[in-house]
1. Given the condition under 14 Å from E153 (Cα atoms), modelled with pLDDT of 95 or more and not in a loop (DSSP other than H, G, I, E, B), answer yes or no: does some residue in the range 309-317 qualify?
2. Would you call S331 without any contact (Cβ under 8 Å) to a residue 12 or more places away in the chain, assigned to a loop (DSSP other than H, G, I, E, B) and closer than 25 Å to A71 by Cα?
3. Restricting the range 38-51 to residues that are in contact (Cβ under 8 Å) with a residue 60 or more places away in the chain and not charged (D, E, K, R), which is farthest from D195 (Cα to Cα)?
4. Please go through the range 1-35 and pick out each residue that is of a type outside the set (G, A, S), within 30 Å of G315 (Cβ to Cβ) and touching a Ser or Thr at 6+ places or on another chain (Cβ under 8 Å).
5. Please go through (1) in contact (Cβ under 8 Å) with a residue 24 or more places away in the chain; (2) in contact with a Pro (Cβ under 8 Å, 6 or more places away or on another chain); (3) of a type outside the set (D, E) for R262 and return the number of the only condition it doesn't satisfy.
6. Scan L283, L275 and give me the residue that is among the aliphatic types (A, V, I, L, M), touching an Asp or Glu at 6+ places or on another chain (Cβ under 9 Å) and more than 23 Å from V199 (Cα to Cα).
7. Right, L292: farther than 30 Å from E84 by Cα, out of contact with any Pro (no Cβ under 6 Å at 6 or more places or on another chain) and not small (G, A, S) or not?
8. Report, by residue number, each residue of the range 82-99 that is surrounded by fewer than 16 Cβ atoms within 10 Å (Cβ to Cβ) and without any contact (Cβ under 8 Å) to a residue 60 or more places away in the chain.
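The values are calculated or read from the model by the stated rules, or taken from the named source; none is laboratory data. Since this is a predicted model, take the numbers as computed values, not measurements. We place every Cβ from the backbone using ideal geometry, glycine too, and count neighbours over all the protein chains shown.
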Amino acid sequence: MTTYLDCNATTPIATEVIDIVNKYLKEEFGNSGSRTHEFGVVAKQAVEKARQLVADVVDADKSEVIFTSGATESNNIAILGLKEYAQQSQKLHIISSKIEHKAVLEPLAELEKIGFSVTYLPTDESGLIHKEDLAAALKDDTVLVSIMQVNNETGCLQDIEGFCDVLANHDAYFHVDAAQGFGKYENGLANQRVDMISVSGHKLYAPKGIGALITRRRGFQKIPLKPLMFGGGQERGLRPGTLAVPLIAGLGKACELVKENREQWASHCKKLQDLAISSLSVLDIQINGENLAPHVLNFSIPGMNSEAAIVALKGIIAVSNGSACTSSSYSPSHVLLAMGLDEERIDSAIRMSWCYMTSELPTQKIIEVLRRYL
């Protein structure tokens, strides 16, 4: 039986989440916008309960939670939604990093086409963004800083608290793409200086197609975001369209589960990570990145092409060599390139990612297979 080790691409859905999704698919199937009968009322109650459960993860107010289709849409709203405000206030400078997900880099590229300037903070072999670089890049006209919490390819945990300290006396909005770590690790997300947080359900034991954008108010002031779509006025006019009640209820349940269990689950993942590192060391692996989240290990095996390794390990483990969103592309990882790794090391990089449902790692079988090719 193949062991699934690609949780950064998508996690399995928790049993408790499946149960609640099925309930709102089959039994309580009302439209949450229908206020004239009990079916709609029950659906509305489910949505608001889920909204509270998402907010609770990072000590936000439930009114600050907007449901979306996933982190990609949330990132687009957070970045492109500030365009009009930025233009009106003549603040056309944005700071991000070279290792962001394409769902951040591509919206930024669209803004660059219309006159915005973007400073992409560098990294080094550690895979970490340094707060000193952020401080040096800040300008009076910086309107937005967008830096991820956990890198999807390397698992590097970024210094969100440090970034908040740097931004303490600046009015730029701070957006964090937390797709890979929301709920799993607090890692600064409860800091009130973080203005916007993107959430992805299917990286959090919930279904695909659901996510959230948390938009914290500053005092009584809302973030001046404008919608990217129009028609219906749902989600305070920021994200129109009929709400996917079953998926929203599932995301809420997933958030409840991770909040209750994250320390235990992180400890389990860390044991698997330690086992992987110690066992695979016989292959002279090179670990790519530092300050790793416990559920991820990106490593290179000298002399071993990653595509060949993945094919050789078929039937034993399911892994990847990069982001699922760019798996159709054969270009080298932009993350590993930004880290300054050489071509051979990038060519041999493999990403393993697991979760609390992963009972064990078949390390001995992995070693036996790969040794045949070395």
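1. Checking the range 309-317: not a single residue is under 14 Å from E153 (Cα atoms), modelled with pLDDT of 95 or more and not in a loop (DSSP other than H, G, I, E, B).
2. Here the answer is yes, as S331 does meet what is asked.
3. Residue satisfying both the conditions and the ranking: A43.
4. Result: T3, Y4, L5, D6, C7, N8.
5. Result: R262 fails condition (2) only.
6. L275
7. Numbers: farther than 30 Å from E84 by Cα: yes; out of contact with any Pro (no Cβ under 6 Å at 6 or more places or on another chain): yes; not small (G, A, S): yes.
Yes, satisfied.
8. Step one: list which residues in the range 82-99 are surrounded by fewer than 16 Cβ atoms within 10 Å (Cβ to Cβ), which gives 84, 87-90, 98.
If the condition is that a residue be surrounded by fewer than 16 Cβ atoms within 10 Å (Cβ to Cβ) and without any contact (Cβ under 8 Å) to a residue 60 or more places away in the chain, then Q87, Q88, S89, Q90 are the ones that fit.
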